[in-house]
Amino acid sequence: MDLASAKMIGAGLASIALIGAGVGIGIIFGNYLAGALRNPGAAQGQFTNLLVGFALCEFTGLLGVVMAFIILFT
Amino acid sequence: MEQFEVKPIVPLHIGGLDVSFTNASLWMCIVAATAAIFLTMGASSRRLVPTRMQSIAEMSYVFVADMIRSAAGTEGLKFFPFVFTLFMFVLFSNVLGLFPLIHPFTVTSHIIVTFSLAIFVFLMVIVVGLARHGLHFLVIFAPSVPWPMLILLIPIEIVSFLSRPISLSVRLFANMLAGHTMLYVFGTFVIGLAAAGGVLSVVSIAPLLAIVAVTALEVLIAFLQAYVFAILTCIYLNDALNLHDH
């Protein structure tokens, strides 16, 4: 296998990290909605925590994307 | 990709350093000028019943002030000018990058820009913490747990503290880069299919509709990432202002 195709495969493998980010973001927003429907009064107060959790979760997936970019373009 | 290339406009070299005025510098100036003009126009009318511009300016002020108050307490309001500037700069550079007709250069899609912002926030948190608490600030690395746990937790806390500027900058940068790349990929689909002729030209309407949807998503992300950047700055400031007593 030559280097170029190995790079492509590597970048594809690095993108697998996004599965985890997708699952995590789904869990965060799903649980927020479930909680908000049970107690709509408390929902607004937890909005900041929701976005912080979303941001932290998304970051782990984005690290995979950055790895893919590094593999592809260096 | 062409949209991410940094091209010098006014080449300038000082002592072996390349300090050319590039299209990145130009767009940073445009972003700062747009934000300044926008807010000045909004604040200049000063009516009791606000005009549209004034009410947008007031809403952004109240929005950021509420955000700081909820995340860092009333004490955090001292840092309102800083957080507001940061929020407006990131928001305007994200949003201006989405206008295709003016050939924009999204400054936040470059890691060096976001990393400079993030390292500035990081250093400021350290300076504020040290100025306020002195060496007691180091308590930030030691959560209140039984002491044998500290052997494990202190290294983890140190690593998590040191990774803050990286996570703050890479999040914004990767979101913007990935969003613009996605738009570019869908754009090549449209052109490729339309040029293929026959039935494929008719199919090219599908990626075109997808671009519209992705652009709408990108507007949301542009705002959300500016918000996340600002709120994390507030949370880090809160850590430095009130050590563990929240």
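A few points about this structure:
- Qualifying residue in the range B:108-116 (condition: touching an Asp or Glu at 6+ places or on another chain (Cβ under 9 Å), without any contact (Cβ under 8 Å) to a residue 24 or more places away in the chain and not small (Gly, Ala, Ser)): no
- When we screen B:Leu217, B:Leu177, B:Leu224, B:Leu209 for residues that are out of contact with any strand residue (DSSP E or B) (no Cβ under 8 Å at 6 or more places or on another chain), among the hydrophobic types (A, V, I, L, M, F, W, C) and farther than 24 Å from A:Phe54 by Cβ, the only hit is B:Leu209.
- Pick from the range B:1-48, criterion in a helix (DSSP H, G or I) and β-branched (Val, Ile, Thr), ranking: farthest from B:Ala178 (Cα to Cα): B:Thr40
- Selection from the range B:208-246 of residues that are within 30 Å of B:Leu98 (Cα to Cα) and more than 14 Å from chain A (Cβ to nearest Cβ): B:Leu208, B:Leu209, B:Ala210, B:Ile211, B:Val212, B:Ala213, B:Val214, B:Thr215, B:Ala216, B:Glu218, B:Val219, B:Ala222
This table checks each residue for (1) over 19 Å from A:Thr60 (Cβ atoms); (2) modelled with pLDDT of 95 or more; (3) assigned to a helix (DSSP H, G or I).
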position	(1), (2), (3)
A:Met1	yes, no, no
A:Ala4	yes, no, yes
A:Gly10	no, no, yes
A:Leu13	no, no, yes
A:Ile19	no, no, yes
A:Gly22	no, no, yes
A:Phe29	no, no, yes
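- Failed condition for A:Thr48, given (1) more than 13 Å from every other protein chain (Cβ to nearest Cβ); (2) surrounded by 12 or more Cβ atoms within 10 Å (Cβ to Cβ): (1)
- Complete set of residues in the range A:51-74 that are more than 10 Å from chain B (Cβ to nearest Cβ) and either more than 22 Å from B:Ile111 (Cβ to Cβ) or in contact (Cβ under 8 Å) with a residue 60 or more places away in the chain (or both): A:Gly53, A:Ile71, A:Leu72
- Tally, over the range B:12-59, of residues that are loosely packed, with under 11 Cβ neighbours inside 10 Å and either among the charged types (D, E, K, R) or touching a strand residue (DSSP E or B) at 6+ places or on another chain (Cβ under 8 Å) (or both): 4
- Condition check for B:Val107: under 30 Å from B:Thr181 (Cβ atoms) and hydrophobic (A, V, I, L, M, F, W, C): yes
- Scan the range B:5-59 for residues that are closer than 19 Å to B:Ala226 by Cα and among the hydroxyl-bearing types (Ser, Thr, Tyr) and the total you get is 1.
- Counting only residues that are loosely packed, with under 14 Cβ neighbours inside 10 Å and either within 11 Å of chain A (Cβ to nearest Cβ) or of a type in the set (A, V, I, L, M, F, W, C) (or both), the range B:154-180 holds 6 of them.
- Considering residues of the range B:195-246 that are of a type in the set (S, T, N, Q) and more than 27 Å from B:His180 (Cβ to Cβ) only, the residue modelled with the lowest pLDDT: B:Asn242
- Criterion applied to B:Met41, B:Met53, B:Met59 was being aliphatic (A, V, I, L, M) and either in contact with a Ser or Thr (Cβ under 6 Å, 6 or more places away or on another chain) or closer than 20 Å to B:Ala222 by Cα (or both), and the one residue passing it is B:Met59.
- A search for C-beta distances below 6 Å between a residue of the range A:3-18 that is closer than 9 Å to A:Ala68 by Cα and any residue that is loosely packed, with under 15 Cβ neighbours inside 10 Å and at pLDDT below 90, counting only pairs 6+ apart in sequence or on different chains, returns A:Ala11/A:Leu72.
The values are calculated or read from the model by the stated rules, or taken from the named source; none is laboratory data. Fair warning: this is a prediction, and the values are worked out from it, not measured in the lab. Using ideal geometry, Cβ is built from the backbone for each residue, glycine included, and neighbour counts are taken over all protein chains shown.
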